[in-house]
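Heads up: the structure comes next, in structure tokens.
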Amino acid sequence: MKKSRLDLRSLTASKKTCEHCHDDDGHNHNDTSEGFNINLYFPAIISFIMLIIGITIDYFNTLPFFEGYVRLAWYLTAYIPVGFPVIKEGWKSIKKGNFFTEFFLMGIATIGAFGIGDYPEGVAVMLFYAVGELFQSAAVKRAKGNIKALLDLRPDQALVYRNNSFISVSPEEVKIGEKIQVRVGEKVPLDGELISEKGFFNTAALTGESKPYSLKKGKPIYAGSINLDGVVEIKTTKKFNESSIARILDMVQNATARKSKTELFIRKFARIYTPIVVYLAIGLTLLPYFFVDDYVFRDWLYRALIFLVISCPCALVISIPLGYFGGLGAASRNGILFKGASFLDTMTKINTVVMDKTGTVTKGVFKIQDLVTIQIFTEAEFMKYLIAIEEQSTHPIAKAILEYKTEGEGFKATDVSEIAGKGLKGTVNGKIVLAGNKALLTSNKINVSTEIDNIVESIVLVAIDGKFAGYVTIADELKDDAHQAIKEIRAAGITKIIMLSGDKDSITQKVAKQLGIDWAKGGLLPEDKLEEVEKLKKLPSTKVAFIGDGINDAPVLAVSDVGIAMGGLGSDVAVETADVIIQTDQPSKIAKAIKIGKSTRSIVWQNIALAFGVKVVVLMLGAGGVATMWEAVFADVGVALLAILNAVRLQRMNWD
């Protein structure tokens, strides 16, 4: 990116802000200064002091020699620190063929003021413009704060195990499968698998959640996490440029490239609007000669100069992108990543939310829901028999059963065999144990209660020594905030909530009823979900957001108006396909994403109304000779500052 190298550094950051408004040659907001830098304000301070001294001398007429060339030289000296950088940038723009920039407007207006002898006003207009630009730069820096926190997560080194010792190398040089070491307080440099027994990590900058996470051996850990407790070792599973944080950083950095329609319209408008106003100013200077009896060139030129100052579109073309930028930053602070400002806009128009079940409103992990035994066995004894035989299986349901904790020494199973499509058979403590579905027990001539036919969840029936002993039901758990999510989505203005799931229809209907979802359908393949969403999109005035896990739901995420992926850090497809990524895997963040979109759009339209309203009024007053340069300064710099302060409010908002 080409930086603006303004003299005396007075407007370094601020000019880049406005260059972004009028020039698409790669300029962007890139102020990396930290804290308050007095050097940036020093030229403006010098100009201000000299201006005040000059106005005081003029008012009290204390120095007889302060007139003519002496007075001109004094005000010219006051003008140069803030005016020369602007004129220099205007000249650069003209050489590129871009005449109608704010640099050109401010340069012509203030030089014109000097030309007609209004030196103090010429200095004052440029001084206030410069100070306004510095404040704008500070606002941009503040808006970038949340995203900068993500960018700061780039690790600059990795301790990799080579030749019997850990050596420090660049993360880009680490290969998949190598062992790296992360010390206390250091950032994890690459995605990997924890090979230490346990670890304690802060993922706040990645997920927006302040709660640290405890991980056990074998669990995935993502680059950018901060190690909080003890030295840990990790086996890398991805190259640095393929890690989750690298892809997310790239997405965040490029988010502002996807402009909203409002932003694109304002930018195009400014390119047409600015030259029109310049020609109107010329007309305002010359045309009255033919229609006004007491035409005075100096008076009409002054009005035209006011007209030029007012016409500068900075309040629009700076504050509007800043509003969207603030929305993107606020979202990232809350663990929500928008892939562009355009999706902030689209999110405000959503009226129908379609969601997957597994991994979206449920945890995607099987848990024992109910345990029923007959009187012969206690619950603990029953589970010891079941656990012993399920230890021989790798089925997801078996894993859920093995999570159950029993006291005392467990039982051991022998001669375990799997009966295809039915379950397991084996010997535990000298007893024949069957664990599986109803077909397994009936084929072994064991009577089963008919009440199990009404159970919609997955069920494991158990028989011990030829007698029915009981059963456990296995189901996916609702996420902790699932009920809250549905309630808040409705409160955010969504009129219809639909669930489409690949799980069997009976389970899907039960979950939908629990959550109060309007309509649900289960037993769907990915192409079936795609067909249902396409039907919805054909309905008049329907804007659809689809929420899924970003893997099986990739086709639907792509075709919906807004695709929202849950748990984006761990899903390659989510980052690639979705438009919005909920990093914390919490469905309640969906409503927050909608609210942030609406707040951002509201701020943007407030700024548009403010800028247009004030400019139109002062332009009319200026053309009529009522407004002075001071009103012109307010209509330009003052309105820009008010709009920017309004945009900065996004950084302080709370959508909980």
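Summary value for segment 465-539: 26 percent relative contact order, contacts being C-alpha pairs under 8 angstrom separated by 6+ residues.
Decide, for segment 423-503, between rounded, prolate and oblate: order the square roots of the alpha carbon gyration tensor eigenvalues as a ≥ b ≥ c, take rounded if a/c falls under 1.5, and otherwise choose prolate if a/b is larger than b/c, else oblate. Note, shape of segment 423-503 comes out prolate. Per-residue SASA remark: Thr358, around 50 Å² accessible (1.4 Å probe; ligands, DNA and RNA not included). Other residues with beta-carbon under 12 Å from the beta-carbon of Ser311 carry, at +1 per Lys or Arg and -1 per Asp or Glu, a net charge of -1. Remark: for residue pairs Lys339/Lys595; Lys504/Lys543; Lys543/Lys595; Lys425/Lys510; Lys96/Lys615; Lys367/Lys431, the C-alpha separation exceeds 22 Å in Lys504/Lys543; Lys425/Lys510; Lys96/Lys615; Lys367/Lys431. Cβ under 9 Å from Lys357's Cβ, Lys357 left aside: what net charge do those residues give with Lys, Arg +1 and Asp, Glu -1? Counting the neighbours of Lys357, the net charge comes to -3. Summing charges over neighbours of Trp630, with a neighbour being any other residue whose Cβ is under 13 Å away from its Cβ, gives -4 when K and R count +1 and D and E count -1. Efficiency by 1/(1 + (r/R0)^6): what FRET value for Thr394 and Ser506, r their Cβ-Cβ distance, R0 = 25 Å, to the nearest 0.05? After rounding, the FRET efficiency stands at 0.45. Each of Lys95, Lys535 has its accessible area taken with a 1.4 Å probe; listed largest first, they run Lys95, Lys535.
The values are calculated or read from the model by the stated rules, or taken from the named source; none is laboratory data. These numbers come from a predicted model, not from an experiment. Heads up, the Cβs are rebuilt from the backbone with ideal geometry, glycines too, and the neighbour counts pull from every protein chain shown. We work out accessible area using only protein heavy atoms, side chains counted, and drop any ligands, DNA or RNA first. Shrake-Rupley method; radii C 1.70, N 1.55, O 1.52, S 1.80 Å.
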